[in-house]
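Asker: One structure follows; several queries about it will come next.
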Amino acid sequence: MKKTLESSTVRLPLLAMRGMVLFPQMVLHFDVGRDKSIYALNEAMGRDRMIFLSAQKDIRDEDPDGDGIYEIGVVGEVKQIIKSNDHLRVLVEGRYRAKSVELIDKGDFFEACLEEYPLKSNKGASKKMTDALMRTVKDLFQEYGMMTPRMSKDLTFNAMAADDPVFLSEYIAANMPIHTEDKQVILEESSVTRRLRLLVRILEEENDILSLEQEIHEKVRGQIDTNQREYYLREQIKAISAELGDGENAQEDIYEYHMRIDELIEDDETAEKLHKEADRLSKMPYTSHEAGVIKSYLDNVLELPWGKFTKDKIDIDKAEKQLNRDHYGMEKVKERILEQMSVRALAPDIKGQIICLAGPPGVGKTSVAKSIAKSMGRKYVRLSLGGVRDESDIRGHRKTYIGAMPGRIMAALKQSGSSNPLMLLDEVDKLGNDFRGDPSSALLEVLDSEQNYAFRDHYLEVPFDLSKVMFIATANSLGNVPRPLLDRMEVIHLTSYTREEKLQIAKKHLTPKQMKRHGLNAKTFKLQTGGIYSLIDSYTREAGVRGLEREIASLCRKAAKRLVSGQEEAVNVSSKNITQFLGGQKYKKDILAEKDEIGLANGLAWTSVGGEMLQIEVAVLEGSGKTVLTGSLGEVMKESAQAAISYIRICTEKYGIEKDFHKTRDIHIHLPEGAVPKDGPSAGITLCTALLSALSGIPVRADVAMTGEMSLRGRVLPIGGLKEKAMAAYRYGIKTVIIPEENVVDLEEVDDAVKQGIQFVSASHVKQVLDVALTRKFAPRHEIAPPPIKYSEEQAADVAITIN
């Protein structure tokens with residue numbers, strides 16, 4: 001017969017418990033403060049003291065609904081209620097398990113419709129299995145009690161004496177501080193065997209956790225005991241030192257050293273060495289010389305930025321704006337730097353990318369490095385290597401020397417206060433070497449990502465990680481940088497500025513900077529565009545803008561004097577009145593020869609300050625076959641002249657030249673500005689053209705310049721520095737420039753204004769050069785040809801060639 005709802009259920013007030021689970025036959029004390037719980041208790045006291053107690057699922061829920069309370073709980077009898085100020089102290093004894101079938105909201109409290117939820121019969125389970133599980137539970141609970149000193153021994157005793165598996169499981173679960181969820185699982189489990197298995201798992205987990213806690217506690221206690229012992233001993237040493245008169249602060253300083261070592265140094269090897277040095281200091285007179293050496297050593301080591309890093313803030317748009325704001329032009333350089341920063345954004349831990357900015361002085365190598373550091377959010381530190389000859393400047397001096405100190409690398413890190421600054425190695429091509437060592441060899445380890453993670457300074461004698469440092473080197477000439485050092489760097493070339501670039505730099509950067517420095521403003525001082533052009537053309541001659549900035553500063557000083565003295569209320573500098581401020585022009589405007597001349601050819605050269613035009617003069621004299629080279633020529637240029645002469649001797653018939661000219665004629669080759677050393681192979685075709693012109697009597701076009709190395713067979717070989725050379729030709733008003741055929745690809749780097757004003761002609765052989773450079777073609781020997789210019793020995797001393 002099916003039971004009706006009225007006959008199978010009972011209705012009791014519901015009390016939701018937070019963080020607690022009541023088991024049958026157990027007594028529980030707890031406090032009640034929520035309104036619904038108090039009303040439920042009052043309702044139970046008004047009936048038969050019976051109440052349904054069930055745990056809520058989320059202890060943070062102040063007002064749980066039906067879904068937030070477990071269905072299975074325990075019907076209990078309220079034994080005692082003690083009223084306090086704002087809550088009730090309740091004593092409840094559990095009777096039997098029950099399951100909530102329906103919850104009825106009475107407004108002030110919940111009433112639950114309950115069905116009794118009895119345990120399943122244990123008859124089908126093996127008695128041996130049940131006994132084994134009980135024994136396991138008792139052993140684990142006994143172990144738990146041994147590892148929990150605060151737990152009452154009576155609890156362990158009662159558990160050991162229990163012979164009822166139901167009582168054992170509920171007693172242990174009720175008295176262990178385990179999670180509410182675990183207690184609820186045990187309460188809801190109807191199978192006694194499964195209950196015991198759950199309890200075994202929970203006890204094993206708790207015992208494992210307690211074992212780990214004990215290990216941690218023992219380690220911490222051992223460390224505390226060691227620290228207390230050290231503190232006690234140090235206090236004793238301090239008292240003894242005070243009695244001996246060694247000073248009250250000595251032991252305090254040593255104790256502080258130990259504290260700082262423990263705080264800053266993570267590497268065990270380094271920390272051990274520094275602790276040993278501090279211990280040595282404690283055993284010697286504090287005012288002795290050796291003590292001073294150790295104190296200085298410890299101070300230098302501990303002042304390094306151990307573990308201090310700045311976080312990279314790589315924003316490509318922001319970096320591009322920063323570079324454009326700080327530098328005009330240099331588009332390819334900016335693009336390459338932004339590419340490098342983009343790689344770092346994708347792979348922050350990348351190592352081994354060391355940039356070398358190569359270019360003439362004053363083109364912005366140092367300021368580019370500053371802009372990179374600013375845009376990345378890194379500390380910036382500059383290391384000047386110009387004139388460094390001692391390896392110890394890089395790696396430091398050993399402590400045994402008087403006045404020893406760390407090397408420049410570690411000193412720069414200390415100055416920056418960060419372990420990952422941007423470090424600029426300035427003028428790396430100016431490093432020297434002598435009997436004291438080779439500094440460039442010491443830099444090999446610094447710049448090698450496979451070694452610099454444990455760089456050892458000779459003075460510090462402990463490893464320091466340089467792998468996070470971003471190194472940027474600068475150089476004027478890569479030829480002076482040792483090859484092994486150059487192989488570790490990625491070179492970015494910064495070329496000289498064009499006339500237009502200098503104008504924009506002066507307008508946007510140099511003039512505002514100097515006006516602000518000298519207290520001028522737009523109302524009191526104005527430097528017109530024509531005045532800037534005059535400064536560029538007539539008062540400076542450089543690849544960069546340092547000289548231009550100095551001249552602008554000079555104008556500002558003179559303007560300030562006129563304003564303060566009351567001579568003028570506002571100063572306006574233009575190309576017409578600039579001589580009133582700076583005097584006569586320092587450099588005259590470069591003018592070409594007015595007419596085509598015999599034996600005079602225009603060559604192009606590259607110097608550390610940019611491109612220059614180099615005129616080569618050749619005179620053929622009556623003589624005995626001597627060749628004279630003047631004008632401070634280097635060995636390479638002399639060899640180029642010999643190669644040109646040899647080529648002409650091979651081709652005398654072809655060019656209509658006497659076969660025995662090398663026996664009957666003396667050849668004088670001269671390059672003006674004799675005080676300036678000149679060298680390099682790129683004047684080969686210019687020398688050959690001037691020689692053939694002088695020997696054949698055919699003039700060379702005055703509006704043609706050329707550059708290229710020449711082989712003994714007449715081939716034209718490639719050269720470097722085409723952009724600077726083309727700019728020099730443009731400045732001199734050259735109309736046609738002859739370049740090696742293999743250098744045509746380099747025309748992409750040449751400024752657009754230069755390419756529009758100059759016709760570039762490529763040549764692979766000297767014949768092509770001569771066809772363009774000479775005013776007419778060569779005639780065979782049987783045809784009429786103008787004789788070469790010849791000078792007698794008496795006239796040779798009076799020969800003078802004007803250089804325009």
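The values are calculated or read from the model by the stated rules, or taken from the named source; none is laboratory data. The model shown is predicted, which means the values in this text are computed figures rather than measured ones. Reconstructed Cβ throughout: ideal geometry from the backbone, glycine too, with neighbour counts over all protein chains shown. Note: accessible area is taken over every heavy atom of the protein model, side chains too, but ligands, DNA and RNA are not part of it. Shrake-Rupley method; radii C 1.70, N 1.55, O 1.52, S 1.80 Å.
Asker: Of all residues being of a type in the set (Val, Ile, Thr) and within 29 Å of residue 347 (Cα to Cα) in the range 468-507, which is most open to solvent (accessible area, probe 1.4 Å)? Just the residue, please.
Answerer: 491
Asker: Related question: For the range 508-518, does any single residue satisfy the condition of being under 21 Å from residue 727 (Cβ atoms) and buried (at least 16 other Cβ atoms within 10 Å of the Cβ)?
Answerer: Yes: one or more hits.
Asker: Please work out if residue 530 is open to solvent by 10 Å² or more (accessible area, probe 1.4 Å), small (Gly, Ala, Ser) and under 27 Å from residue 360 (Cβ atoms).
Answerer: Answer is yes for this residue.
Asker: While we're here: Of the conditions (1) within 60 Å of the chain's Cα centre (by Cα); (2) open to solvent by 80 Å² or more (accessible area, probe 1.4 Å); (3) among the β-branched types (Val, Ile, Thr); (4) under 21 Å from residue 170 (Cβ atoms), residue 59 clears all except one; give me its number.
Answerer: Unmet condition: (4).
Asker: In the range 528-554, what residues are touching a residue at least 40 places away in the same chain (Cβ under 8 Å) and farther than 26 Å from residue 728 by Cβ?
Answerer: Result: 528, single match.
Asker: Search the range 647-676 for residues being of a type in the set (Lys, Arg) and under 26 Å from residue 614 (Cα atoms), and hand back the single one that is most open to solvent (accessible area, probe 1.4 Å).
Answerer: 649
Asker: Within the range 330-349, take every residue that is open to solvent by less than 50 Å² (accessible area, probe 1.4 Å) and either hydrophobic (A, V, I, L, M, F, W, C) or not in a helix (DSSP H, G or I) (or both) and give me the one that is modelled with the highest pLDDT.
Answerer: Only one residue tops the list, namely 338.
Asker: What strands (runs of 3 or more DSSP E) completely inside the range 572-651 contain at least 1 residues that are hydroxyl-bearing (Ser, Thr, Tyr)?
Answerer: 600-607, 627-630
Asker: Would you call residue 597 of a type in the set (Asp, Glu), farther than 30 Å from residue 515 by Cβ and in contact with a Phe, Trp or Tyr (Cβ under 8 Å, 6 or more places away or on another chain)?
Answerer: It is false that residue 597 is of a type in the set (Asp, Glu), farther than 30 Å from residue 515 by Cβ and in contact with a Phe, Trp or Tyr (Cβ under 8 Å, 6 or more places away or on another chain).
Asker: So which of 381, 368 is within 26 Å of the chain's Cα centre (by Cα) and modelled with pLDDT of 90 or more?
Answerer: The conditions single out 381.
Asker: Hey, any hits in the range 397-409 for a residue that's under 27 Å from residue 490 (Cβ atoms) and of a type in the set (D, E, K, R)?
Answerer: Checked against the condition, which is being under 27 Å from residue 490 (Cβ atoms) and of a type in the set (D, E, K, R), the range 397-409 yields at least one hit.
Results for (1) on the phi < 0 side of the Ramachandran plot; (2) modelled with pLDDT of 90 or more, shown as yes or no for each residue.
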position	(1), (2)
2	yes, no
7	yes, no
19	no, no
22	yes, no
34	yes, no
42	yes, no
47	yes, no
51	yes, yes
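Asker: So if I check each of 203, 212, which one is assigned to a helix (DSSP H, G or I), crowded, with 18+ Cβ neighbours inside 10 Å and at pLDDT 85 or above?
Answerer: 203
Asker: If residue 499 satisfies all but one of (1) in contact with a helix residue (DSSP H, G or I) (Cβ under 8 Å, 6 or more places away or on another chain); (2) closer than 30 Å to residue 470 by Cα, what's the number of the condition it fails?
Answerer: Residue 499 satisfies all of (1) in contact with a helix residue (DSSP H, G or I) (Cβ under 8 Å, 6 or more places away or on another chain); (2) closer than 30 Å to residue 470 by Cα except (2).
Asker: So, restricting to helices (runs of 4 or more DSSP H) that lie completely within the range 130-199, which ones have at least 2 residues that are over 21 Å from residue 75 (Cα atoms), open to solvent by 30 Å² or more (accessible area, probe 1.4 Å) and not hydrophobic (A, V, I, L, M, F, W, C)?
Answerer: 153-161
Asker: Mind counting the residues in the range 301-326 that are in contact with a Leu (Cβ under 7 Å, 6 or more places away or on another chain), surrounded by 14 or more Cβ atoms within 10 Å (Cβ to Cβ) and not charged (D, E, K, R)?
Answerer: Counting residues in the range 301-326 that are in contact with a Leu (Cβ under 7 Å, 6 or more places away or on another chain), surrounded by 14 or more Cβ atoms within 10 Å (Cβ to Cβ) and not charged (D, E, K, R) gives 6.
Asker: Could you run through the range 690-726 and say how many residues are open to solvent by 30 Å² or more (accessible area, probe 1.4 Å), hydrophobic (A, V, I, L, M, F, W, C) and under 30 Å from residue 330 (Cβ atoms)?
Answerer: Adding up the residues that qualify gives 1.
Asker: Test residue 54 against the stated conditions and say whether it is polar (S, T, N, Q) and not in a helix (DSSP H, G or I).
Answerer: Yes, satisfied.
Asker: Go through the range 661-693 and count every residue that is modelled with pLDDT of 90 or more and part of a helix (DSSP H, G or I).
Answerer: Residues meeting the conditions: 10.
Asker: Being under 30 Å from residue 351 (Cα atoms) and either open to solvent by less than 20 Å² (accessible area, probe 1.4 Å) or at pLDDT 85 or above (or both): is that true of residue 548 here?
Answerer: No; evaluated as a whole, the condition is false for this residue.
Asker: Here's a follow-up. So which of 555, 520, 510, 563 ends up being assigned to a loop (DSSP other than H, G, I, E, B) and modelled with pLDDT of 90 or more?
Answerer: From the options 555, 520, 510, 563, the qualifying one is 520.
Asker: Identify the residue in the range 566-594 that is surrounded by fewer than 10 Cβ atoms within 10 Å (Cβ to Cβ) and modelled with pLDDT under 85 and, among all such residues, is farthest from residue 728 (Cα to Cα).
Answerer: The residue in question is 594.
Asker: Quick check, is residue 99 without any contact (Cβ under 8 Å) to a residue 40 or more places away in the chain, of a type in the set (Lys, Arg) and surrounded by 17 or more Cβ atoms within 10 Å (Cβ to Cβ)?
Answerer: The answer is yes for residue 99.
Asker: Given the structure, is residue 766 at pLDDT 90 or above and either touching a strand residue (DSSP E or B) at 6+ places or on another chain (Cβ under 8 Å) or surrounded by fewer than 18 Cβ atoms within 10 Å (Cβ to Cβ) (or both)?
Answerer: Considered against the rule, which asks whether it is at pLDDT 90 or above and either touching a strand residue (DSSP E or B) at 6+ places or on another chain (Cβ under 8 Å) or surrounded by fewer than 18 Cβ atoms within 10 Å (Cβ to Cβ) (or both), residue 766 comes out as yes.
Asker: I've got another one for you. Is there a residue being open to solvent by 70 Å² or more (accessible area, probe 1.4 Å), of a type outside the set (Val, Ile, Thr) and either within 43 Å of the chain's Cα centre (by Cα) or at pLDDT below 90 (or both) anywhere in the range 597-605?
Answerer: Taking every residue of the range 597-605 in turn, none turns out to be open to solvent by 70 Å² or more (accessible area, probe 1.4 Å), of a type outside the set (Val, Ile, Thr) and either within 43 Å of the chain's Cα centre (by Cα) or at pLDDT below 90 (or both).
Asker: Just a yes or no: is a residue in the range 422-440 within 16 Å of the chain's Cα centre (by Cα) and open to solvent by 40 Å² or more (accessible area, probe 1.4 Å)?
Answerer: No: the range 422-440 contains no residue that is within 16 Å of the chain's Cα centre (by Cα) and open to solvent by 40 Å² or more (accessible area, probe 1.4 Å).
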